[in-house]
Amino acid sequence: MSATDEWEDEKGQRMTDVIERDVAYAHGDTRMLGWFVAPAGAAGAPVVVLVHDAFGLGSALKSLARRYADLGYAVFAADVWGDRREPASGDDIGRLIGSMAADREDWLGRIGAAHVAAASQPEVAAERIASVGYCFGGASVIEYVRTGGISRGIASIHGGLDLVAQDWSAPTATARVLLCTGADDPMAAPRHWQPIKAGLTAAGIDWELDLYGGVQHGFTNPKSDDLPTPGVAYDPRAAARAWASTQRFLAEVLDE
């Protein structure tokens, strides 16, 4: 159901009359409930597929989706875990991510299904689609391009680069790639991002790596500080830098 909502943008101004709705979709036996938000009156709008971090599609990701919508984009927030599941512990997160890494066909099928659902929304221009992912979502969007997914470009923010496979024989060569990662992220160490860089280069893909000194994994999410996991920490300065880079990147790939 379409609805209107209201929120504050980064300047503290009230934003009203926006489109918001749940979107049910599926992959195999997995029922997923995505969330769509767009400026009121959107028609033929570029669309951003937003892939959540380990915490799932909850209120924090909805707030983030609204920030992207405030830039003028339609946004489809994916529900990769299914049924809007929000893991409550590090163990639960580990099991979910492990299940995806163990079955990449299912993992990439869920990411592909989100892109199909996003492109089918009546307010969007299906050919003007980009993908942005955080943490687990950051690895997901890289995997999507690595395996030939349809996207003009992907931005991976503190992606779990240790999850990315190394076969770059059939990527989306026309996509552009932005990687924003912390230099002290144990899940995105040089041994993880160097093979990605080599694969992107060999495929002729336009790529950029923003590497933030002294920054750890999960730097955009304050909830990272609640996890008893070494190498994971919120960093508002790095978060602001990644946000600025992502805005510029999306303008390059979607607004031209």
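The values are calculated or read from the model by the stated rules, or taken from the named source; none is laboratory data. Just so we're clear, the structure is a prediction, and the values are computed from it rather than from any experiment. Methodologically, a virtual Cβ is constructed for each residue, glycine included, from the backbone with ideal geometry; neighbour enumeration extends over all protein chains shown. The protein model used for the area step is the full one, side chains on, heavy atoms only, and it has no ligands, DNA or RNA in it. Shrake-Rupley method; radii C 1.70, N 1.55, O 1.52, S 1.80 Å.
For this structure, a couple of remarks:
- Extended-chain gain in nm, criterion 0.36 nm per residue less alpha-carbon gap, ALA244 and LYS223: 5.4 nm
- Anisotropy class of the stretch 18-71 from Cα gyration tensor, a/c 1.5 cut: oblate
- Spin-label model, ASP206/ASP167: points 7 Å from Cα along the beta carbon direction are separated by 2.9 nm.
- DSSP finds beta bridges in the chain, and of those with both partners inside it, around 35 percent are antiparallel.
- Rolling a 1.4 Å probe across the protein heavy atoms gives the chain an accessible surface of 42 Å² per residue.
- If you take the Cα centroid of the stretch 148-196 and the Cα centroid of the stretch 64-84, the two points sit 20 Å apart.
- Per-residue [θ]222 nm for the chain (sum of -39500 (n - 2.57) over DSSP H runs n ≥ 4, rounded to 500): -10500 deg cm²/dmol
- Mean Cα-pair separation over length for the chain, i.e. relative contact order, pairs under 8 Å, 6 or more apart, %: 14
- Close amide-amide hydrogen proximity is noted between GLY149 and THR172, each under 5 Å apart and 5 or more residues distant or on a separate chain (H modeled in the peptide plane; Pro and chain starts excluded).
- Prolate/oblate/rounded call for the chain, Cα gyration tensor, a/c under 1.5 rounded: rounded
- Mean Cβ count within 10 Å, highest first, over the residues of peptides 39-45, 155-161: 155-161, 39-45
- Extreme residue, positive dipole direction of the chain, given options ALA117, VAL177, TRP35 (C-beta unit charges): VAL177
- Here the chain is treated with +1 on each Lys and Arg Cβ and -1 on each Asp and Glu Cβ, and its dipole about the Cα centre works out to around 280 debye.
- Simple spin-label estimate for ALA251 and SER89 in nanometres, 7 Å along Cα-Cβ: 4.6
- Spin-label pair ASP17/ARG31, simplified geometry with 7 Å Cα→Cβ offset, distance in nm: 3.6
- Selected from VAL145, VAL23, VAL75 as most flexible by GNM, with the chain as the system and alpha-carbon contacts under 10 Å: VAL23
- Check: the stretch 7-131 dipole with +1 on Lys, Arg Cβ and -1 on Asp, Glu Cβ, in debye: 160
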